[in-house]
Every structure is written in C-alpha cells, then in structure tokens.
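Worksheet: the structure to be examined is printed underneath.
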C-alpha cells in the first residue's frame, strides 16, 4: 500500500481539517479516538497517532467501515508510517469507578502521554475530550472526517479486539473472540447462564433475554 501527499489522493476530504491547521502553521497534529465504550465487558482502549505533514495512506478510514482483514493490514502500516503512536487502556474496574464517559477521556489522555512528541494540536473524536495543557479540537464523527483520527480509530479497534481475543482464552463460554464484549444475543444468553466473569463491567445493565 502506497503513501502519498495530500495533492495526490482521491480521498482528499479526510485531510481538509488537517490542511486548515497546516496552513496556519500548526504541523504536529495528533488524532485520538477510542474503542470499547459500548461493550458489557473489557477495557476501553484509545489511540493517539501523529503523521508527518502532508502524508496520507490510501485505505485509512473510520475503522467501523473497514473489514477486520483491512484493519489488521492498516494497523501495521500506520505504525510504520506514523512518527508517533500511543495507546491508552483503562480497565473495566476503573470504568465502574469513574463511569465510561470519564474512562474514555482518561484513555485518550493516556494515549497522548505515551507519545514521545508533544503535539501542537489534538484532534479528538466526539465531543467529550478535554485537556489542561494541550490545545484540542473535538470533532463529532471525527473518524469519518479526519485522516489522523481515522488512523487512531484503527489502532484502537485492532488493539482492543486483540485484547478481547486473549480474554476469550480465559473465559471461552462468553464468546469474546466473536463479539468483543458487546451485548449480542449470544453474549447476553451466556451471562444469564453463567453469570458475570471477572472482566464484565458491573456498572453496565445486562439486557433481559
């Protein structure tokens, strides 16, 4: 898969937000997104990604629009092409203590802290991110509007899915490898049959069958 400059890509719309900031002299832009706000089990995972100015990778898009195979391929390519990738993980225990809203923000902050680069600007998916010392911009549906946020969504999703497959080995009766902790019919039926396991979020309501 080739990388290209913004001038050469057919999906230039994904760089419009970044371009507007580059033109104002802001070059070090980090995109952040999270995966796992909705599941009944497991952690919430966030990723922060910084690319060199004007670099675009064909195929990068909102992780929800991509197949698992496509996400896995892009995951490795993003790590190769980015100048910085950070991942923040907040456990189910912390989610239960501070709620998923605060846990998602915490995961994003942790991801940014893992970067060796201090960004000039944070582009965050959604409308909830905040930071005391970094300039940030919240973008609703940012993973479909910003290249760097889309890349972060891929890193977060693939990382979390991998963690849930590991949890599947510990707790196979719940089917975590298939549904990744979301409240599917199979998952809900397993909870009613076997009860909650160690990684279930106690603060989340389990639907009735």
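Just so you know, all these numbers are worked out from the coordinates, no wet-lab data involved. Values in this document were obtained by computation on a predicted structure and should not be read as measured data. Cβ: placed from backbone, ideal geometry, glycine included. Neighbour counts: every protein chain shown.
By counting other Cβ atoms within 10 Å of each Cβ, how are 143, 62 ranked from fewest to most? Provide the component values of the computation, followed by the final result.
Numbers: 143 27, 62 20.
So the residues, fewest neighbours to most, are 62, 143.
In the chain, what percentage of the DSSP-assigned beta bridges are antiparallel, given to the nearest 5? Don't jump to the answer; show the numbers that get you there.
Values: 17 of 25 bridges.
Given both bridge residues lie in the chain, the antiparallel proportion sits at roughly 70 percent.
Just for the Cα atoms in the stretch 57-107, what are the lengths along the principal axes, largest first, rounded to whole Å?
Largest first, the stretch 57-107 extends 39, 25, 13 Å along its Cα principal axes.
Once every DSSP H run of n ≥ 4 in the chain is given -39500 (n - 2.57) and the sum is divided by its residues, what mean residue ellipticity at 222 nm do you get, rounded to the nearest 500 deg cm²/dmol?
On the way: 7 runs with 80 residues, N = 209.
Rounded to the nearest 500, the figure is -11500 deg cm²/dmol.
Taking only C-alpha pairs under 8 Å that are 6+ residues apart, what is the relative contact order of the stretch 1-139 in percent? Before the final figure, lay out the partial values.
Values: 228 pairs, mean separation 39.2, N = 139.
Relative contact order here is 28 percent.
Just order 130-139, 40-49 by mean Cβ neighbour count inside 10 Å, highest at the front, would you? Intermediate results must be reported in sequence, preceding the final value.
Details: 130-139: 12.9, 40-49: 28.7.
Packing proxy ranking, top to bottom: 40-49, 130-139.
Nearest 10 degrees is fine. How inclined is helix 100-113 to the longest principal axis of the chain, computing both from alpha carbons?
Taking Cα atoms only, the helix is inclined about 40 degrees.
Once both labels are modelled 7 Å past Cα along the beta-carbon direction, what's the residue 54-residue 193 spacing in nm?
With each label placed 7 Å out from Cα toward Cβ, I get 5.8 nm.
Ranked highest first by the average count of other Cβ atoms within 10 Å around their residues, in what order do 65-71, 175-181 fall? Spell out each step's value before the answer.
Details: 65-71: 13.4, 175-181: 20.0.
Highest mean packing first, the order is 175-181, 65-71.
Given the peptides 155-164, 78-87, arrange them by the average over their residues of other C-beta atoms within 10 Å, most packed first. All intermediate terms of the calculation are to be shown ahead of the outcome.
On the way: 155-164: 23.2, 78-87: 18.0.
Answer by packing, highest mean first, reads 155-164, 78-87.
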